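The values are calculated or read from the model by the stated rules, or taken from the named source; none is laboratory data. In this text the structure is predicted, and so the values were computed from the model without any measurement. Virtual Cβ from ideal backbone geometry, glycine too; neighbours counted across all protein chains shown. Calculation scope for accessible area: heavy atoms of the full protein, side chains included, ligands and nucleic acids excluded. Shrake-Rupley method; radii C 1.70, N 1.55, O 1.52, S 1.80 Å.
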Amino acid sequence: QFIAGEADAPYIYEKAGSAYDHLLVDEFQDTSSLQWNNLLPLVRNSLAAGQSVMIVGDVKQSVYRWRGGNMQLLLEGVKKDLPEFNSVIRETNLSCNFRSRKHIVEFNNAFFSAAPGILQEQPALQNSDLITKSYPTEEVRQQVAPANMTGGYVEIRFLQKDKTAQETWKDMALKQMLGVIKQIEQDGYSAGDIAVLVRSNAEGNTIAGFLFENGYRNIVSPDALMLGGTPKAEFLVNLIRYIDNSGNAVAASHILYYYNEHIRRTLKGDDLHFIFTDHRRAAAAKIFSRIMP
């Protein structure tokens, strides 16, 4: 997808419009209005020249709002912006799922058939036809491909936080994830068969660090295991910073917190408060002695 600003649209048209006759825009539900405005001149040029343009997307996936995706574009925006080409626009619904196994397809069919009614009970959506358009009854149900008529597994877990516990729902999710991974391995699968999907890079970094601390070393991720982002690397870097400048309050706090959390836990709860609030580094030796006797 093009992510340039609107002012760059003529440049994109000049460079790409003369080089590509046929266009394919995949994952269109993730396209923002800004991106579509940049693509629109190219689409018009191809159609006007009698060439083909294919736009592929699933409006149901727009709920994730990746990169500011505008679900209205797939619902009606394309036709609205290309009225002169409506006679050649064709819509095709892929009614057969060739990717997923039977139980997964059946779960999706049941979920997306029930979702519109539940969503429309929300006050903000009661007077809106957005959900009806996004989840048309005749299109949300898919058929299972002949090669996938068996297998597949779906499990949903709801986490309830104990109000008296300090553990957050993310902590609970990490522990349960680790248990699931170990169970999958006991069932005969290898680590290479397991994927953990996350919403953001920050969550990926957290999960990768958690798995690393629990003995999983071969984690494949484009950025979750960058050396500079690992707790051990940060600990060593901050040690060097503190040795160079014993008045570096940030480095001292990093060192104290890492030591307490990963090497020798001596402080809990509110006792950690002083690590981040005592900026009188003249008393650094005293502070270190409390946690590293």
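Distance in nm between label sites at Ile184 and Ser33, each 7 Å beyond Cα in the beta-carbon direction?
Output for this residue pair reads 3.9 nm.
Pairs Lys60/Lys161; Lys161/Lys232; Lys60/Lys102: which are spaced more than 25 Å apart, C-alpha to C-alpha? Write out the running numbers ahead of the final one.
On the way: Lys60/Lys161 29 Å; Lys161/Lys232 30 Å; Lys60/Lys102 20 Å.
In this structure, Lys60/Lys161; Lys161/Lys232 lie more than 25 Å apart at Cα.
Report the FRET efficiency, 1/(1 + (r/R0)^6), for Ala191 and Glu213, where r is their Cβ-Cβ distance and R0 is 22 Å, rounded to 0.05. Write out the running numbers ahead of the final one.
On the way: r = 15 Å, r/R0 = 0.70.
Calculated transfer efficiency: 0.90.
Rounded to the nearest 0.05, what FRET efficiency do Asp171 and Thr132 have when you use their Cβ-Cβ distance and R0 = 35 Å? Could you put the intermediate results ahead of the total?
Numbers: r = 39 Å, r/R0 = 1.11.
The computed FRET efficiency comes out at 0.35.
Could you rank the peptides 72-85, 91-104 by their average count of other C-beta atoms within 10 Å per residue, with the highest value first? Working shown, then result.
Values: 72-85: 15.4, 91-104: 12.7.
Highest-to-lowest ranking by the protection proxy: 72-85, 91-104.
Which order, highest average first, do 160-172, 247-259 follow once you tally other Cβ atoms within 10 Å for each residue and take the mean per peptide?
Numbers: 160-172: 10.1, 247-259: 18.5.
Output ranking for 160-172, 247-259: 247-259, 160-172.
Taking amide H positions as placed 1.01 Å from N in the peptide plane, with prolines and chain starts having none, which residues 5 or more places from Val154, or on another chain, fall under 5 Å of its amide H?
Amide H to amide H, under 5 Å and 5 or more residues apart or across chains, Val154 pairs with nothing.
How many percent of Cα pairs in the range 73-219 exceed 22 Å? Intermediate values should be presented prior to the final figure.
Values: 6913 of 10731 pairs.
Roughly 64 percent, once rounded to a whole number.
Could you calculate the contour length gain from Leu40 to Asn86, that is, 0.36 nm times the residue separation minus the distance between their Cα atoms, to one decimal place in nm? All intermediate terms of the calculation are to be shown ahead of the outcome.
Working: separation 46, 0.36 × 46 = 16.56 nm, distance 1.45 nm.
That pair, Leu40 and Asn86, stretches by 15.1 nm at full extension.
Keeping every protein chain present and rolling a 1.4 Å probe, give me the accessible area per residue for the range 167-221 in Å². Let's see the in-between values first.
Values: 3860 Å² over 55 residues.
In whole numbers, the range 167-221 has 70 Å² accessible per residue.
Determine the gain in length on full extension of the stretch Gln122-Ile243; use 0.36 nm per residue of separation and subtract their C-alpha separation, reporting nm with one decimal.
Details: separation 121, 0.36 × 121 = 43.56 nm, distance 5.71 nm.
The span from Gln122 to Ile243 would gain 37.9 nm if fully extended.
Taking 0.36 nm per intervening residue step and subtracting the Cα-Cα distance, what contour gain separates Ser52 from Gln160 on full extension?
33.8 nm is the gain from fully extending Ser52 to Gln160.
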